[in-house]
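Some notes on the structure that comes next.
Bear in mind that the values in this text are calculations on the coordinates, not laboratory data. Keep in mind the model is a prediction, meaning the values are calculated, not measured. Here Cβ is always computed from backbone atoms with ideal geometry, including for glycine, and neighbour counts include all displayed protein chains.
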Amino acid sequence: MKVNEIFGSHVFNDAVMKERLPKETYKNLKKTIELGLPLEKHVAEVVANAMKDWAIELGATHYTHWFQPMTGKTGEKHDSFIAIKPDGRAIMEFSGKELTQGEPDASSFPNGGLRATFEARGYTAWDATSPAFLKEDSAGVTLCIPTAFCSYTGEALDKKTPLLRSMQAINKEAMRILKLLGNTTSGRVITTVGPEQEYFLIDKKFYQSRKDLIFTGRTLFGALPPKGQELDDHYFGSIKERIATFMKEIDEELWKLGVSAKTKHNEVAPAQHEMAPIFTTTNIATDHNQLTMETLQKVATRHDLVCLLHEKPFAGVNGSGKHNNWSLSTDDGINLLDPGTTPHENAQFLLFLASVIAAVDKYAPLLRLSAANAGNDHRLGANEAPPAIISVFLGEQLTDIIEQIQEDRLCESKQASELKIGVTTIPNLPKDVTDRNRTSPFAFTGNKFEFRMVASSSSVAGPNIVLNTIVADVLKEVADKLERSSNVKEAIGSIVKELICNHNRVIFNGDGYSQEWVEEAEKRGLPNLASTVDALAYFATPDSIKMFEKHGVFSESEVVSRQEIMYEEYAKTINIEALTMIEMANKEIIPSVIKYITSLANSINTIKAIGSLASVKIQETLLEKLSTSLEEAYGKLEALETAVEEVHSIEDIIEEAAAYRLKVLPAMEALRKPCDELEKLTSEEYWPFPTYGDLLFRV
Ligand code: ADP
Ligand code: MG
């Protein structure tokens, strides 16, 4: 297999378009893609026909408008290309209209009150900036057309539309600044994203015997095995053959789809792994990350594995996240966050850097919210993932420059030295100007920022919508000021200083996991939003709505509906988890333990009946311990049932979500404890489902 031959072989990409479209059509389509000009009808007809021929040659029978509803997953409804002629014969057809617009009955997607169920109309519209691709599975080949999804009244019902809007917003403001700085060559500013994806792989046969994994994606019970991650022997460890075979297939499948899978390695927890692609434009990176998650899960089942994307599938070992590497770049290749070798002289860089810092500080709760879901609540702030407090890591060189700026003595950039290894046969290495910091939620890493809070199972659209918009908001202020100033050069200096002085409280280079930081952050007035419910309160505030509206990213009703969807999703998730626990405790754990207790009792009776002198002390001790824990478990089970019932009677969604967090979650934890105790005491033969040892180590 030659990588360059398979890479992009399932994508209707630029090369294919150039080859298959008439010159004029190609030019027109490029204008749509690059300049955002509307696509003319006759052009769409020609493109649709070429796309259909290409897809059919590669085995496609169906096409689908592929969209990203607010479930965070992807939606698709398949139509065949088939059309019937009057003489009864079938031909394959695909019109320009079918390419550019679809109308799925969309009443069953979450919409937060934006569309009553009786008004089921939803529209999908081709996003020509993301190329069409072919999905192949045992059922056949389908042409997938990336689309935006909106309601009859034009409100966005998906994650892609606001993402595209946010890219427009940041492009607009960043271009204003570049022009004011004298840039005459760049036509556009795009945001780039490279998301690193963490995941777990477990054996399918174990997965299938665990209702919690099936229904909720995480384990709700499970005593810790004798070994966890304490030996640090999995991180970057050599990859087991079964997993390596899986990863090879993942690479190939992703490459076919044009996803530039680049890095793969074992992660910290047993059975945990990571993949990272090469970064690309944000909306394509988002599409690709959705495809990556889907492919990971699909390919896993072919290997009798299951891929868990949940943020915290197992207690006691690390959970999974997604590192959203983000930067700004011009269409002629200038990375606006590249400091160069002497950042103190790089006014453009300092202006963009200071704007990002200011945006992160000003809108920290929105950024926090963009990474929030019920699963991620188990990670953030739990000494394995970034804390729930948003701060920015800059590293030594930039922090030094920031200090110089504040003290009006900007004159130098600290330079990196060489790394001396002390072995004469190994040459000295050029050292980076700063060491890494793994505990920061928002770290500057050379020429980009790495937003590390993002939830492993979520679409990266949400975090990037927020990032793009909040940075656009600060850039707008900066551009306005520059426009008003008579001397742009001087104005840059004072704007950078003002931004830094007003927002330096968000800069923190120390250990984000420490208790001191929590206290220090509080002193600095930085928000510490521990849970999704806390963060959600900041979404539909007047300030936030105004900001999103100002940049044309969300309307008020879109913000309000999205907030409602997130509250609902949170409440439903915890509800499913609680019901699953109740079912597992009632139908599996308690009956199994009773069986084991009975067998112990039978053993005691049998031994006593034959008048044997053998001691039954151990059986009796065990029996007692088991009954105590069993009784406790039963009490906690009843308490959980009551808590769930109480929450079901709450009508207000905000109150309901809060009650799930404050009443149901603690009741779930309380039930887990005695049940895990029972697991430790019960003979393996009687325990109803696979243990952590099976799940984490028998892959
Ligand atoms: P690490 O694990 O050290 O953070 P990786 O190499 O695993 O690094 O991931 C870094 C990610 O950052 C990759 O996806 C890479 O393509 C991406 N990246 C690099 N430069 C940029 C950039 N300018 N904009 C966005 N992402 C970038
Ligand atoms: Mg990283």
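If you average the sequence gap of Cα pairs under 8 Å that are 6 or more apart and divide by the length of the chain, what percent do you get for the contact order?
Normalised by residue count, the contact order of the chain is 15 percent.
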Relative contact order, percent, region 575-699 [alpha-carbon distance under 8 Å, six or more residues apart]: 38
P(r) weight above 35 Å for the chain, C-alpha pairs, percent: 50
Space enclosed by the convex hull of the alpha-carbon atoms of region 268-363, per residue, Å³: 170
Cα centroid separation, region 573-588 to region 457-516 (Å): 45
Two-site label geometry, S683 and L579: point separation in nm, points 7 Å out along Cα→Cβ: 3.6
Entries of K227/K673; K159/K262; K2/K248 with Cα pairs more than 21 Å apart: K159/K262
Cα-centre dipole for the chain with unit charges at Cβ (Lys and Arg positive, Asp and Glu negative), debye to 20: 1200
For region 3-157: span of alpha carbons on each principal axis (Å, largest first): 45, 43, 37
Efficiency of FRET between S485 and E345 - r from beta-carbon atoms, R0 22 angstrom, step 0.05: 0.60
Protection proxy ranking of 10-19, 213-222 - average other beta-carbon atoms within 10 Å, highest first: 213-222, 10-19
Counting all C-alpha pairs of region 166-554, share separated by more than 40 Å (%): 18
Cα centroid separation, region 227-250 to region 315-383 (Å): 28
Cα gyration tensor category, rounded, prolate or oblate, for region 518-612 with a/c compared to 1.5: oblate
Sorted by Cβ density within 10 Å, fewest first, the residues E412, E249: E412, E249
Computed [θ] at 222 nm, deg cm²/dmol, the chain (DSSP H ≥ 4; -39,500 (n - 2.57); rounded to nearest 500): -15000 deg cm²/dmol
Percentage relative contact order, region 166-554, counting C-alpha pairs under 8 Å, at least six apart: 23
Long-range HN-HN contacts of K262 with modeled amide H, under 5 Å: A276, I278
Length released on extending from H42 to F215, taking residue separation times 0.36 nm less the Cα-Cα span: 57.5 nm
Additional length obtainable on full extension of the chain from L58 to T425, 0.36 nm per residue less Cα span: 126.9 nm
DSSP bridge pairs, the chain: antiparallel proportion in percent, nearest 5: 85
Sites E519 and K179, calculated FRET efficiency, Cβ-Cβ separation with R0 60 Å, nearest 0.05: 0.85
Per residue convex hull volume, Cα atoms of region 571-697, in Å³: 103
